[in-house]
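Taking it in order: structure first as structure tokens, then the write-up.
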Amino acid sequence: MPSWISSILLAAATTLFVGLFVNPRLEARKPRIEAKNNQRRVAYEARAEFSKRVLTILSACGRLQESEVPPSLAEARPALAERLNSERQRWLDQLDEATRYLVDNMELFALGYATDRLRRIVGQFVVHARAVVLSDRPVEKQVQRLTALAAPIQNLFFVPRWHVATIVRSFEEFELALAALDEDLPDESAAAPVPAPATPQPTA
């Protein structure tokens, strides 16, 4: 048999094999590959939003710390003080939006982390950060608590993994920030006593 005929037959056999066996397998795997890629994309986008909200909290807290309006300015230049207070309110609104997003979408980014410890830390941060914003703490105290919570979270989840010392220190800082939240609780001894419920009296 001439060599050119052998080449044609080999090429035809190869094409037939690919069409009958390889392509169907690839087509069958295509939905799984697309689903996995979609999961990765969703996880990446969720973590990007998580990072964005953490940075928003840190940035807004920094601006609020540096822009306190002294009473003397309110007396001397009330129009300027009013504008500054409007800016501060806008930054407080950013804190409200960021913490509301985190608590409403926590499952999108928290469940993607590999260990129970990391998932637990995300949950603790999200819940406590939202609680601080909703609390009746003064603005300065809210800013202090939010900064203490968010700064270690930024290091734990968004710095390169080889910064081991920073990550280890951030675990400790986050635990201290959680413990410090109890310092704002009212003293039980100073709280007004709650009257005991009246005992029902038997009817005659």
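The values are calculated or read from the model by the stated rules, or taken from the named source; none is laboratory data. Here the structure is a predicted model, which is why all the values come from computation and not from measurement. Cβ sites come from the backbone with ideal geometry, for glycine too, and all protein chains shown count toward neighbours. These accessible areas exclude ligands, DNA and RNA; they are computed on the full protein's heavy atoms, side chains included. Shrake-Rupley method; radii C 1.70, N 1.55, O 1.52, S 1.80 Å.
Restrict the check to region 60-69 and report whether at least one residue is touching a Lys or Arg at 6+ places or on another chain (Cβ under 7 Å), surrounded by fewer than 17 Cβ atoms within 10 Å (Cβ to Cβ) and of a type in the set (S, T, Y). Looking for residues that are touching a Lys or Arg at 6+ places or on another chain (Cβ under 7 Å), surrounded by fewer than 17 Cβ atoms within 10 Å (Cβ to Cβ) and of a type in the set (S, T, Y), one finds at least one in region 60-69, hence yes.
Of the set (1) in contact with a Leu (Cβ under 6 Å, 6 or more places away or on another chain); (2) small (G, A, S); (3) assigned to a loop (DSSP other than H, G, I, E, B), all apply to G112 but (1).
Within region 138-148, the set of residues being touching a residue at least 40 places away in the same chain (Cβ under 8 Å) and open to solvent by less than 50 Å² (accessible area, probe 1.4 Å) comprises V139, Q142, V143, L146, T147. Applying the selection to region 47-91, what residues are in a helix (DSSP H, G or I), among the aliphatic types (A, V, I, L, M), over 16 Å from R145 (Cα atoms) and touching a residue at least 12 places away in the same chain (Cβ under 8 Å)? Correct list: A81, L84. Kindly establish whether E34 is over 29 Å from V132 (Cα atoms) and either modelled with pLDDT under 65 or open to solvent by less than 50 Å² (accessible area, probe 1.4 Å) (or both). Answer is yes for this residue. The residues of region 96-148 that are among the β-branched types (V, I, T) and either closer than 24 Å to I167 by Cβ or under 13 Å from the mean Cα position of the chain (by Cα) (or both), listed by number, are T99, V103, T115, I121, V122, V126, V127, V132, T147.
Table: residues versus (1) open to solvent by 50 Å² or more (accessible area, probe 1.4 Å); (2) under 22 Å from A46 (Cα atoms); (3) touching a residue at least 60 places away in the same chain (Cβ under 8 Å).
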{"residue": "L95", "(1), (2), (3)": "no, yes, no"}
{"residue": "R100", "(1), (2), (3)": "yes, yes, no"}
{"residue": "D104", "(1), (2), (3)": "yes, yes, no"}
{"residue": "L108", "(1), (2), (3)": "yes, yes, yes"}
{"residue": "Y113", "(1), (2), (3)": "no, yes, no"}
{"residue": "S135", "(1), (2), (3)": "no, no, no"}
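Evaluation of A81 against the conditions (1) modelled with pLDDT of 85 or more; (2) surrounded by 12 or more Cβ atoms within 10 Å (Cβ to Cβ) shows that the sole unmet condition is (1).
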